[in-house]
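Structure record follows, encoded as structure tokens.
Please treat every number below as a calculation from the coordinates, not as lab data. In this text, all values refer to a predicted model and were calculated from it rather than measured experimentally. Cβ atoms come from the backbone with ideal geometry, glycine included; neighbour counts cover every protein chain shown.
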Amino acid sequence: MAHIANVYDRNCPSREVVGVVASHWGSLVLGALLDGTLRFGELRRAVGGISEKMLAQTLQALERNGLVHREVRPVIPPHVDYSLTPLGVVVSRQVRGLFALVYENLPDIATAQQAYDTARAQAC
């Protein structure tokens, strides 16, 4: 019997994958790599604010889940390139779609944030 993925089930392996893909840094790294292969430093500059440690952890998690390919080039010093796997491209396009949705609705989101903050300030 095939197991049906259910991200709402805490025991379902899909939850871990969604956690990586939908994480703050995971989504930003995936989105950046959709533009093409990047080295570690280039990727760190592309994703402003990410620490070296967090970028390394995020890349490892994305690689483990089959979304990112890591290639070590045998030169001195060694160069490491990061790119999306075919599955990573599919997932990254969805992430970029979410980014586009947020961009398109940013004025409404800002209005909602302001209304929320004003209501919270008045309640105190």
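Nearest 10 degrees, 0 to 90: what angle lies between the long axis of helix 106-123 and the longest principal axis of the chain (Cα atoms)? Approximately 50 degrees, to the nearest 10. Close amide H contacts of residue 69 (hydrogens built in the peptide plane, cut-off under 5 Å, sequence separation of 5 or more or a different chain): 83, 84, 85.
What's the FRET efficiency of residue 73 with residue 35 using the Cβ-Cβ distance as r and R₀ = 25 Å, to the nearest 0.05? Could the numbers behind the result be given before it?
Numbers: r = 20 Å, r/R0 = 0.79.
With R0 = 25 Å, the Cβ-Cβ based efficiency is 0.80.
Which whole-number percent gives the relative contact order of the stretch 13-92, counting Cα pairs below 8 Å spaced six or more residues apart? Relative contact order comes out at 34 percent.
First select every other residue whose beta carbon is under 11 angstrom from the beta carbon of residue 20; then total the charges, Lys and Arg +1, Asp and Glu -1. Charge balance near residue 20 sits at 0.
Between residue 9 and residue 23, what is 0.36 nm times their sequence separation minus the Cα-Cα distance? Round to one decimal in nm.
Working: separation 14, 0.36 × 14 = 5.04 nm, distance 1.80 nm.
Taking 0.36 nm per residue and subtracting the Cα distance, the gain is 3.2 nm.
Rounded to the nearest 20, the Cβ-based charge dipole of the chain about its Cα centre (Lys and Arg +1, Asp and Glu -1) stands at 240 debye.
Across q = 0.11 Å⁻¹, the stretch 13-92 modelled as identical point scatterers on its alpha-carbon atoms has Debye log10 I(q)/I(0) values of -0.25, in the order of the q list.
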